[in-house]
1. Quickly run through the range B:91-108 and pick out the residues that are under 13 Å from B:Ile3 (Cα atoms) and among the hydrophobic types (A, V, I, L, M, F, W, C).
2. I need the full set of residues from the range A:100-111 which are of a type outside the set (D, E, K, R) and within 13 Å of chain B (Cβ to nearest Cβ), in order please.
3. Take B:Tyr35 and tell me if it is under 23 Å from A:Phe88 (Cα atoms) and more than 10 Å from chain A (Cβ to nearest Cβ).
4. List every residue pair whose Cβ atoms sit under 6 Å apart, with the two residues 6 or more apart in sequence or on different chains, where the first one lies in the range A:20-46 and is modelled with pLDDT of 95 or more and the second, anywhere, is of a type in the set (Val, Ile, Thr) and not in a loop (DSSP other than H, G, I, E, B).
5. Return the total of residues in the range A:57-72 being of a type in the set (Gly, Ala, Ser) and crowded, with 18+ Cβ neighbours inside 10 Å.
6. For the range A:1-99, please list each of the strands (runs of 3 or more DSSP E) lying entirely inside it that holds at least 1 residues being aromatic (Phe, Trp, Tyr) and within 14 Å of another protein chain (Cβ to nearest Cβ).
7. Can you tell which of B:Leu55, B:Leu60, B:Leu11 is surrounded by fewer than 21 Cβ atoms within 10 Å (Cβ to Cβ), away from chain A (no Cβ under 14 Å) and either among the hydrophobic types (A, V, I, L, M, F, W, C) or within 16 Å of A:Phe101 (Cα to Cα) (or both)?
8. Please work out which one of (1) within 12 Å of chain A (Cβ to nearest Cβ); (2) assigned to a loop (DSSP other than H, G, I, E, B); (3) aliphatic (A, V, I, L, M) is the condition B:Leu90 fails and give its number.
Amino acid sequence: QQKVQQSPESLSVPEGGMASLNCTSSDRNFQYFWWYRQHSGEGPKALMSIFSDGDKKEGRFTAHLNKASLHVSLHIRDSQPSDSALYFCAASEPGYQNFYFGKGTSLTVIP
Amino acid sequence: GGIITQTPKFLIGQEGQKLTLKCQQNFNHDTMYWYRQDSGKGLRLIYYSITENDLQKGDLSEGYDASREKKSSFSLTVTSAQKNEMAVFLCASSLGVQDTQYFGPGTRLLVL
């Protein structure tokens, strides 16, 4: 069973719009969450980490974590065509290096 | 900043062949990882290493061996390549536990 589930599988938003990506974990031991972005032909790059409940904002990107519901989201405001990529959610337990990645959400920003 | 280098960029092998992928990092990170990325399946952990000469199996270790002879390098061997296998193998490193992972560009494998 996939320990980290992402939705939607794909998403299209107009340039300047808001993109919202979701991630849910099935393991209550997960305490640490990351969002990674992968452009075609490249390796994933970390966007941001979130370890505490609530919101974390970095520029146009805002992550929200609710540990009680095991749900983390990523919101991208003022989306740009360069934001078109595959977005992964990753989670881990305290003290373990074993990371679990979701299957990803493919985001397309339409000019 | 630092960089992760993966070689080769593309690898074409024959069924049953033993194939080795290499990864080098100059971040001076302690922990290194190997992931396999298949279309529609996300990233799955094959092996990781928390220090030189350490090896830990991930969920997808069957059919693979790994080697961490130096802090800066981590190799992955496909022990017997499977026909029609096509995937991207990603190497990553991090400073330590719960730290952000930095990925290389990947090695694309095709088995004929």
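The values are calculated or read from the model by the stated rules, or taken from the named source; none is laboratory data. If you're wondering where the values come from, they're calculated on a predicted model, not measured in any experiment. FYI the Cβ positions are ideal-geometry reconstructions off the backbone, even for glycines, and counts take in every protein chain you see.
1. Matches in the range B:91-108: B:Cys91, B:Ala92, B:Phe103.
2. A:Tyr100, A:Phe101, A:Gly102, A:Gly104, A:Thr105, A:Ser106 - these are the residues of the range A:100-111 that are of a type outside the set (D, E, K, R) and within 13 Å of chain B (Cβ to nearest Cβ).
3. Values: under 23 Å from A:Phe88 (Cα atoms): yes; more than 10 Å from chain A (Cβ to nearest Cβ): no.
In short, no.
4. Every condition considered, the pairs that remain are A:Leu21/A:Thr105; A:Cys23/A:Val72.
5. Total meeting the criteria: 1.
6. Numbers: elements: A:4-7, A:10-14, A:19-25, A:32-38, A:45-50, A:54-58, A:61-66, A:71-76, A:85-92.
Counting at least 1 such residues, we get A:32-38, A:85-92.
7. Only one candidate passes the filter, namely B:Leu11.
8. Single failed check for B:Leu90: (2).
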